[in-house]
Each structure stands twice: as structure tokens, then as C-alpha cells.
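**Student:** First the structure, which I've put down as C-alpha cells, then a few questions once you've had a look.
The values are calculated or read from the model by the stated rules, or taken from the named source; none is laboratory data. All values reported here derive from a predicted model rather than from experimental measurement. Cβ sites come from the backbone with ideal geometry, for glycine too, and all protein chains shown count toward neighbours.
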Amino acid sequence: MKEIDIGKVSRRTGLPASTLRYYEEKGLIRSIGRNGLKRVFDESVIQRLTLIALGRGAGFALDEIAAMLNAGTQPAIDRTQLQAKADELDRSIKHLSTIRDGLRHAASCPAENHLQCPKFQQLMSLAARTTARAKAKPSA
């Protein structure tokens, strides 16, 4: 078991030491002791922090990530939860793509008044429906 102190973990992961201490407080990672005043971690913490970063990048909350990581020595990743998050991302991508298309059209539309442009009206209507559906969806 190779030990690395918090400074080395911070340099290798790009995470500030304060984030590492916060993750430890939340139970996402565990130090294995101290070397003087510095926390010391098993080198496997790097892989765990990579999983946390992947989860954060996908939009999972820290509590959701903790539940997946704290099930035992190996991560217990809920495939149903991953599918639900992927579906949520698909909806977000569709919504953002509609907004992007509207902005691009507005930027290049030859109409003097965008509100009188039929294509722009269609894009606005689609964006409004997508937003309304997102707001009507109950929060998890």
C-alpha cells in the first residue's frame, strides 16, 4: 500500500486540499492517517477521486455519488440510476440545442423584426414547450 499526502493528491488530481477535506467530511474519501499535520491517503484515493469527478461531470449530486461509492470496497453503481441520468442529459441536450438553433437563426435572420419571422416563431414555440415540460416535471 503506497501512501501519499494531501498535497500530492491535490497536485495529481488538480483538486484543492479544501475540496479533499470536504470530500473526507462527506465520507466520499478516507485518510489513513497523518504525517505530521498533513493527511495521508492510500494511493487508491486517486481512482476514487476520478470516479467522483466522473459522477460530478455527469450531474450527480455528491450524496448520490457517496451512495454508489460507500456500498463496500468496490463501487456499487446503480445502472438504472445511470440510465435515468443519461435520459435527463438527453432532454437537456435537446433543450439547449433548440436554444442554440434559435440564437443562430436570430443572428443571421434577414427579417427586419425577428418576432415576425415564421422560423423564429417556430423555434420560440418549441423552446417554450420544452421549458414548460421541464418545469412541470416533479423534482426528484
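**Student:** What single numbered condition from (1) surrounded by 11 or more Cβ atoms within 10 Å (Cβ to Cβ); (2) outside the structural domain of residue 132 (by TED's automatic domain parsing) fails to hold for residue 36?
**Tutor:** (1)
**Student:** All but one of (1) outside any helix (DSSP H, G or I); (2) farther than 28 Å from residue 3 by Cα; (3) not assigned by TED's automatic domain parsing to the domain that holds residue 14 hold for residue 60; which doesn't?
**Tutor:** (3)
**Student:** Could you list, in sequence order, all residues of the range 98-140 that are at pLDDT 85 or above and under 25 Å from residue 87 (Cβ atoms)?
**Tutor:** Matches in the range 98-140: 100 only.
**Student:** Does residue 123 qualify as being touching a residue at least 12 places away in the same chain (Cβ under 8 Å), among the aliphatic types (A, V, I, L, M), more than 27 Å from residue 61 (Cβ to Cβ) and in the same structural domain as residue 85 (by TED's automatic domain parsing)?
**Tutor:** In short, yes.
**Student:** Which residues, taken from the range 88-136, are surrounded by 10 or more Cβ atoms within 10 Å (Cβ to Cβ) and not in a helix (DSSP H, G or I)?
**Tutor:** Hits for the range 88-136 are 109, 111, 117.
**Student:** Of these, 29, 77, which one is surrounded by 11 or more Cβ atoms within 10 Å (Cβ to Cβ), modelled with pLDDT of 90 or more, β-branched (Val, Ile, Thr) and under 30 Å from residue 6 (Cβ atoms)?
**Tutor:** The conditions single out 29.
**Student:** Shifting gears a bit: Only one residue in 84, 66 is modelled with pLDDT of 80 or more, under 26 Å from the mean Cα position of the chain (by Cα), surrounded by 14 or more Cβ atoms within 10 Å (Cβ to Cβ) and among the small types (Gly, Ala, Ser). Which one?
**Tutor:** 66
**Student:** Can you pull out the residues in the range 70-87 that are outside any helix (DSSP H, G or I) and touching a Gly at 6+ places or on another chain (Cβ under 7 Å)?
**Tutor:** Residues of the range 70-87 outside any helix (DSSP H, G or I): 70-78.
Within the range 70-87, just 70 meets the criteria.
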